[in-house]
Amino acid sequence: MNYISETDLILNDDGSAYHLNLLPGDVADTVITVGDPDRVGEISKHFDSVEFKKGKREFITHTGRIGNKRLTVISTGIGTDNIDIVLNELDALVNIDFKTRMVNPDLCSLNIIRLGTSGAVQADIPVDSALLSSSAFGLDPLMHYYQQSLSNKEQELLNAFKAGLPANIRLSPYVASANETLLTALGAGWRQGLTITAPGFYAPQGRQVRVTMAIPQLMELIQDFNFEGQRVTNLEMETAGIYGLAACLGHKALSYNIILANRVTQNFSKQPAKTIEHHIKELLEKLTGIL
């Protein structure tokens, strides 16, 4: 089916994508996603020029250039439910003719880089460092609504993770991987590992405040997982959804995690703003030098 109905893809009166409030042509080939809307400006302040700033709800977008490199940075808010909106509307903006509602004959593949904060689950991963997610296990349900095509390697990894979960734990994880081209191009010098994408910040990430957790051994299960030398390194809330949908839509995705906390040593960054600023500069330097 090439025609997209008015209820499947809703547009605003000005012809922009319903939630993102963007028009075709607004999106650069390389898109940086962040959770926090305030972080968009912390990235675009390093641009040599800014073409525009747009926003609606939690979705703030700035597009501009560093040298000759055109970049878009967009906030997603927290969680894979928002990722469902952002990835689908970004894809529509570059691959659907909004006037005819027909899928373009020649499809565009975006470079989508998540820059987000994260918590380490292994004692040897230092606070204030960064790591790239080679693959991510989603504990949320998002990708169960889409038809994924897993490689043999991904299926084996997922099978091993599921096998390590006790039978009484009601979880149905999925797995999705970084784009190999981006991982190779940007991965030199950075730690890599498996990421857990959780559907919440507290009990789904092994935190207990006042309500008793249903899976008190969750952190131990995550920390102990090892498959052919691959271990879970960190927790966050978007990567698996980004990887899964990007792969389904034909885009390239990579998640760059800024480690602000270590859940094993129970240390939190003493200088989170400075750490985030350092890694923003580091990522932008690599992006503009390679892509």
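Numbers for the structure displayed
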| read-out | value |
| --- | --- |
| Kyte-Doolittle mean at least 1.0, axial Cα span of 18 Å or more - DSSP H helices of the chain | none |
| Relative counts (whole %) of C-alpha pair distances in the chain, using bins that are 10 Å wide | 6, 29, 36, 21, 8, 0 |
| Where the chain is the region considered: accessible area per residue in Å², 1.4 Å probe | 47 |
| CD proxy at 222 nm, helix term only [per DSSP H run n ≥ 4: -39500 (n - 2.57); per residue of the chain; nearest 500] | -8500 deg cm²/dmol |
| Most mobile of Val209, Val34, Val73 in a GNM of the chain (Cα contacts under 10 Å) | Val209 |
| Over segment 44-164, relative contact order from alpha-carbon pairs under 8 Å, at least 6 apart, % | 12 |
| Whole-angstrom Cα spans of segment 151-291 along principal axes, big to small | 48, 42, 27 |
| Alpha carbon convex hull of segment 97-231, volume per residue in cubic angstrom | 176 |
| Close Lys-Lys pairs in segment 158-291, where close means Cα under 28 Å and separation is 8 or more or interchain | 6 |
| Length released on extending from Glu180 to Gln192, taking residue separation times 0.36 nm less the Cα-Cα span | 3.1 nm |
| With every protein chain in place, segment 1-105: carbon and sulfur % of accessible area (1.4 Å) | 47 |
| For the chain, share of DSSP beta bridges that run antiparallel, in % to the nearest 5 | 50 |
| Fraction of accessible area attributable to carbon and sulfur, segment 185-274 (%, probe 1.4 Å) | 53 |
| Long-range amide H partners of Ser129 with built H, under 5 Å | Ile259 |
| Within segment 239-286, trypsin sites (Lys or Arg not before Pro) in DSSP loop having at most 12 other beta-carbon neighbours inside 10 Å | Lys270 |
| Distance from segment 30-108 to segment 126-158 (C-alpha centre basis), Å | 22 |
| Percent of Cα-Cα distances greater than 19 Å, calculated over segment 1-132 | 53 |
| Candidates per trypsin sites (Lys or Arg not before Pro) in segment 159-216, loop by DSSP, up to 16 other Cβ within 10 Å | Arg170, Arg207, Arg210 |
| Proximal charge balance of Leu245 [Cβ under 13 Å; K/R count +1, D/E count -1] | -4 |
| Percentage relative contact order, segment 147-291, counting C-alpha pairs under 8 Å, at least six apart | 27 |
| Percentage relative contact order, the chain, counting C-alpha pairs under 8 Å, at least six apart | 23 |
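The values are calculated or read from the model by the stated rules, or taken from the named source; none is laboratory data. These numbers come from a predicted model, not from an experiment. Cβ atoms come from the backbone with ideal geometry, glycine included; neighbour counts cover every protein chain shown. Just so you know, the surface numbers come from the protein's heavy atoms only, side chains and all, with ligands and any DNA or RNA stripped out. Shrake-Rupley method; radii C 1.70, N 1.55, O 1.52, S 1.80 Å.
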